[in-house]
Amino acid sequence: MRDDRFEYFLNAVHYCIWRGDIRVRLFFDKIMGGFLLVFVTIFLSKKYKARLYAHVVNHEKETYDYFYNKKTGFHINWAHYRVIVFYLCYSACISFLLEGILFRVFGLISPIIFGIILISPIWLFYIPANKVVFSDDRYLKYFKEFEKMDKSWHRKWVMITWAFCVGGILAFFGGIIALFAIAIGWSNVHLPFL
């Protein structure tokens, strides 16, 4: 068993989100490329087709670098954002639980204390995640390791990533429901789907 399980887990989830984002992008590129090819074939003259193809060839490396660069590309930045958001949904659940308990015990509290209690667990959760994934671009070391893994490893971690993301969303909304259930009592909470 690995000593750095938390680090490995978050980096594997980060890798799967990044890889999934690229796969979705390639899928939509094929669809849009097909529509663009039909459009170009039907509506553009040979002169404009040649100009369009020359433009695409001249900017192909820039476009590739913009989307697929592992340090500054669009997909890696989007994956950074999403892995942190899903991860912090779990800490938001804890924040909501604390808010509900405070409201139940003390009644109305000042907005400043409300904000501090809401932000503190989220910030405390963010610090280790930022350290194990993003500081010194640690994720690049893991990406090299993960790219060598076989298909069964990738399938397993894609499922774990989906469970992690869905669990984060459920934890976030469950925390909001728990906040109201604790603060005003479960009998006074009326959910639209129940």
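Brief remarks on what is shown
- Cα-based helix-to-principal-axis angle, 111-133 vs the chain, degrees rounded to 10: 50 degrees
- If you take all other residues with their beta carbon under 13 Å from the beta carbon of K131, and give Lys and Arg +1 and Asp and Glu -1, the sum is -3.
- Here the chain has 70 percent of its accessible surface on carbon and sulfur atoms, given a 1.4 Å probe and all protein chains in place.
- Relative contact order of the chain, defined on C-alpha pairs under 8 angstrom at six or more residues apart (%): 35 percent
- Largest accessible area first, the residues M32, M149 order themselves as M32, M149 under a 1.4 Å probe with ligands, DNA and RNA left out.
- Local electrostatic count, H80, Cβ distance below 13 Å [Lys/Arg +1, Asp/Glu -1]: +2
- Dipole of the chain [Lys/Arg +1, Asp/Glu -1 at C-beta], most positive-end residue of Y48, L108, F125: Y48
- The heavy atoms of H55 present about 100 square angstrom of accessible area, all protein chains included, probe 1.4 Å.
- Between helix 138-147 and the chain: long-axis angle, C-alpha atoms, 0 to 90°, nearest 10: 60 degrees
- Degrees, to the nearest 10: 151-184 long Cα axis against longest axis of the chain: 40 degrees
- When nucleic acids and ligands are ignored and a 1.4 Å probe is applied, R25 ends up with an accessible area of around 60 Å².
- Each of W162, W78 has its accessible area taken with a 1.4 Å probe; listed largest first, they run W162, W78.
- Of the whole protein surface, F43 contributes about 140 Å² of accessible area at a 1.4 Å probe radius.
The values are calculated or read from the model by the stated rules, or taken from the named source; none is laboratory data. Bear in mind that the values here come from a model prediction, so they are computed numbers and not experimental data. Every residue, glycine among them, receives a Cβ derived from its backbone with ideal geometry; neighbour counts consider all protein chains shown. Ligands, DNA and RNA are excluded from the accessible area calculation, which covers all protein heavy atoms including side chains. Shrake-Rupley method; radii C 1.70, N 1.55, O 1.52, S 1.80 Å.
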